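What follows is a single structure, written as structure tokens, with notes after it.
The values are calculated or read from the model by the stated rules, or taken from the named source; none is laboratory data. Since we're looking at a predicted model, the values are computed, not measured. In this analysis, Cβ positions are derived from the backbone assuming ideal geometry, glycine residues included, and neighbour counts consider all displayed protein chains. Please note that ligands, DNA and RNA were not included when accessible areas were found on the heavy atoms of the full protein model with its side chains. Shrake-Rupley method; radii C 1.70, N 1.55, O 1.52, S 1.80 Å.
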Amino acid sequence: QVQLVESGGGLVQPGGSLRLSCTASGTIFSINAMGWYRQASGKQRELVAGISSGGSTNYADSVKGRFTISRDNAKKTVYLQMNSLKPEDTAVYYCNADIRAYGSRYDLNYWGQGTQVTVSS
């Protein structure tokens, strides 16, 4: 059984910073693309940032220059460093990854349970 577990959300004032972490566990052979999505109340889930197995990154225009995605392959963990947070960044943040389990011929896509980020004074 493969799982993604997020941590690091919370309440922060505008202009503040938070760091989200997401760790994969289970019978994992390899982890390919990883990413962070968010879903604000009443809105569709959207991609925030993604990172390939080789370290190439991409970001939503709304977070470029403020957020940084990174990964530690040895720890099976992806991070999202969020700086200069704005109230419009308030959302549930979800980790996502393409993972191949031992014995499987294919990657499957997995989601974490989500962590709430609230930016408010």
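Arrange the peptides 31-41, 70-80 so that the one whose residues have, on average, the most other Cβ atoms within 10 Å appears first.
Numbers: 31-41: 18.7, 70-80: 17.0.
Put in order of decreasing packing, that is 31-41, 70-80.
Counting only residues at least eight positions apart within a chain, or on another chain, the aspartates and glutamates with an alpha carbon under 16 Å from that of Lys76 are Glu6, Asp98, Asp107. Remark: region 40-49, residue by residue, has Karplus-estimated 3J(HN,Hα) of 7, 4, x, 10, 7, 5, 10, 6, 9, 7 Hz, where x stands for each Gly or Pro and the curve is 6.51 cos²θ - 1.76 cosθ + 1.60 at θ = phi - 60°.
Mean separation of Cα pairs under 8 Å and 6+ residues apart, divided by the residue count of region 75-121: what relative contact order is that in percent?
On the way: 52 pairs, mean separation 19.7, N = 47.
With pairs under 8 Å counted, the relative contact order is 42 percent.
Per residue, the chain exposes an accessible area of 54 Å² to a 1.4 Å probe, with every protein chain left in place. For a straight C-alpha distance cut-off of 23 angstrom, the lysines reachable from Lys86 (same-chain residues fewer than eight places away being disregarded) are Lys43, Lys64.
A full extension of the chain between Ser84 and Arg100 corresponds to an added length of 2.3 nm, given 0.36 nm per residue minus the alpha carbon distance. Computed from backbone phi with θ = phi - 60° and the Karplus coefficients 6.51, -1.76 and 1.60, the 3J(HN,Hα) list for region 76-82 is 6, 10, 10, 10, 9, 8, 10 Hz; x is used for glycine and proline.
Remark: region 55-63, residue by residue, has Karplus-estimated 3J(HN,Hα) of x, 5, 10, 9, 9, 5, 4, 5, 10 Hz, where x stands for each Gly or Pro and the curve is 6.51 cos²θ - 1.76 cosθ + 1.60 at θ = phi - 60°.
Carbon-plus-sulfur fraction of the accessible area of the chain, 1.4 Å probe, in percent?
Values: 3020 of 6530 Å².
Answer for the chain: carbon and sulfur cover 46 percent of the accessible area.
Note on Gln116 and Ser62: their simple-model spin labels are 1.9 nm apart, each label 7 Å out from Cα toward Cβ.
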